[in-house]
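All remarks here apply to the structure that follows.
Coordinate-derived values only; no laboratory data. The structure displayed is predicted, hence computed values, not measured ones. A quick note on method: Cβ atoms are made from the backbone with ideal geometry, for glycine too, and the neighbour counts reach across all protein chains shown.
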Amino acid sequence: MSTITITLNGQPHTVSAGVSLADALRALVPDVDNADAPIATAVNGKHVARQARADHALNDQDAITTFEPITGG
């Protein structure tokens, strides 16, 4: 099985080629699926909505950023 290297919040990780953003997050970020812990994601600086993560295939050298969404009025 081939692998790719991605970065998550600046830290390099090796994952299986063809992995989705959702699967990578589940493997690398504790409590990512916890509804009480909202998390926003971007890949290479572009926002990826929660509902699109399962369909977003990662590529070698992709840079993932996670952050708490900003809310307010």
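Scanning the stretch 56-71 for residues that are closer than 18 Å to P30 by Cα, β-branched (V, I, T) and out of contact with any Ser or Thr (no Cβ under 6 Å at 6 or more places or on another chain) yields I64, T65. Can you find a residue in the stretch 31-41 that is surrounded by 14 or more Cβ atoms within 10 Å (Cβ to Cβ), hydrophobic (A, V, I, L, M, F, W, C) and touching a Phe, Trp or Tyr at 6+ places or on another chain (Cβ under 8 Å)? Yes, there is a match, as at least one residue in the stretch 31-41 is surrounded by 14 or more Cβ atoms within 10 Å (Cβ to Cβ), hydrophobic (A, V, I, L, M, F, W, C) and touching a Phe, Trp or Tyr at 6+ places or on another chain (Cβ under 8 Å).
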